[in-house]
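A quick write-up on the structure given underneath.
Where a number appears in this text, it was derived from the coordinates with a stated rule and is not lab data. Predicted, not measured: the structure shown is a model, and the values here were computed from it. Methodologically, a virtual Cβ is constructed for each residue, glycine included, from the backbone with ideal geometry; neighbour enumeration extends over all protein chains shown.
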Amino acid sequence: MSDPRKFDSEIIIDAHDRWIFRETEITQEDILKYFRANLHQNEKGVYIENVFGELRENGYLTLNGYPCHITKVISDNSELKFYANDGKIFPFSTIAIYQTDNGNLIGINPIQDKIKYRFNWNAATDFAEFFVEEGEKSFLKVGNLHMEIPIYSETIEVPLPKDYI
């Protein structure tokens, strides 16, 4: 397979998690599902990988919000599983859970740490039974596990690679 063609996709994930292409919101669910399922990252940034036979292309994005969301949390044999709208299922051992300064819950897979997942309302509701607040701190309590949920203070933004600005 050939080296991928790399370019600015002109897609921006805005601060409200909307996918914007040339100032127009992308709302077709099948297209968003395809984009989310094909998100990848490298040292330059986050991109959508498209494959057409022998041809590949990597369209880089600007992330000002969360491109993917955790949509459901299920306890399965005392292990939590996090279901995302990109088709991925994360066992608890493969995702780090944080709380943002404004109270959002987010998940980060250390393997692709530039692609952050915000919990939607349904997932946050599912997660509530495992979420305990003690004073000003929040904890995750599952079985014998009782751990603090740290505050995420880094930026969620991922800029377009400098090659394409």
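Results, tabulated for the structure shown:
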quantity: Extent along principal axes [Cα atoms of the chain; Å; largest to smallest]; calculated: 50, 31, 29
quantity: Local electrostatic count at ARG56 - Lys and Arg +1, Asp and Glu -1, tallied over other residues with Cβ under 12 Å; calculated: -2
quantity: Cα→Cβ-extended label distance, 7 Å offset, between TRP121 and ILE89, nm; calculated: 2.6
quantity: Ranked TRP19, TRP121, criterion: other C-beta atoms within 10 Å, fewest first; calculated: TRP121, TRP19
quantity: GluC sites (Glu not before Pro) lying in DSSP loop within segment 42-98, provided at most 12 other Cβ fall within 10 Å; calculated: GLU43, GLU54
quantity: Under the Karplus curve 6.51 cos²θ - 1.76 cosθ + 1.60, θ = phi - 60°, whole-Hz ³J(HN,Hα) for segment 49-65, x wherever Gly or Pro sits; calculated: 9, 10, 10, 10, x, 7, 9, 10, 9, 10, x, 6, 10, 10, 10, 10, x
quantity: Alpha-carbon centroids, segment 70-105 and segment 137-165: separation in whole Å; calculated: 12
quantity: Angstrom value of the Kirkwood radius, inverse mean 1/r, which spans all Cα pairs in segment 1-87; calculated: 14.3
quantity: Fewest-first sequence of ILE70, ILE115 by Cβ atoms within 10 Å of each Cβ; calculated: ILE115, ILE70
quantity: Charge tally in the Cβ shell below 14 Å around PRO91, where Lys, Arg are +1 and Asp, Glu are -1, PRO91 excluded; calculated: +1
quantity: Residue-averaged 222 nm ellipticity for the chain, from DSSP H runs of 4+ at -39500 (n - 2.57), nearest 500; calculated: -2500 deg cm²/dmol
quantity: Computed FRET value (nearest 0.05) for ASN102 with ASP163, which takes r as the C-beta separation and R₀ as 35 Å; calculated: 0.60
quantity: Whole-angstrom Cα spans of segment 68-152 along principal axes, big to small; calculated: 34, 31, 23
quantity: Order of PHE21, PHE35 - criterion: other Cβ atoms within 10 Å of each residue's Cβ, fewest first; calculated: PHE21, PHE35
quantity: Set LYS88/LYS137; LYS6/LYS81; LYS116/LYS162 screened for pairs whose C-alpha atoms are more than 24 Å apart; calculated: LYS88/LYS137; LYS6/LYS81
